[in-house]
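Since every read-out is calculated from the coordinates, none of them should be taken as a lab result. Note that the structure is a prediction, hence the values are computed from the model and not measured. All Cβ positions, glycine included, derive from the backbone under ideal geometry; neighbour counts span all protein chains shown.
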Amino acid sequence: MSPGMIKMWISFLAMGFMILSVFAIYVSRYKMKFKFLRFLVAFFAYIFLFLGGIMMIYVVFSGPVG
């Protein structure tokens, strides 16, 4: 696979992580009652958000592919 295609798949994965984290935060704040499960879902959501952000920073700042 070419470097451009790899960067495309990384950006898709990053966007998926960010979308997943938005839904998980919504569910943990408004739909869950059990406190430990709320914390666990929110914790993983913030991890996915952080990883998605790091991947997007890599894609944006690694520059264009020749």
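Suppose the filter is of a type outside the set (Ser, Thr, Tyr), under 25 Å from residue 4 (Cβ atoms), surrounded by 12 or more Cβ atoms within 10 Å (Cβ to Cβ) and more than 8 Å from the chain's Cα centre (by Cα); does residue 32 pass it? No.
Checked against the criterion of being touching a helix residue (DSSP H, G or I) at 6+ places or on another chain (Cβ under 6 Å) and among the hydrophobic types (A, V, I, L, M, F, W, C), the candidates 19, 6, 25, 57 yield just one match: 25. Checking each residue in region 1-14 for being surrounded by 13 or more Cβ atoms within 10 Å (Cβ to Cβ) and without any contact (Cβ under 8 Å) to a residue 40 or more places away in the chain picks out only 8.
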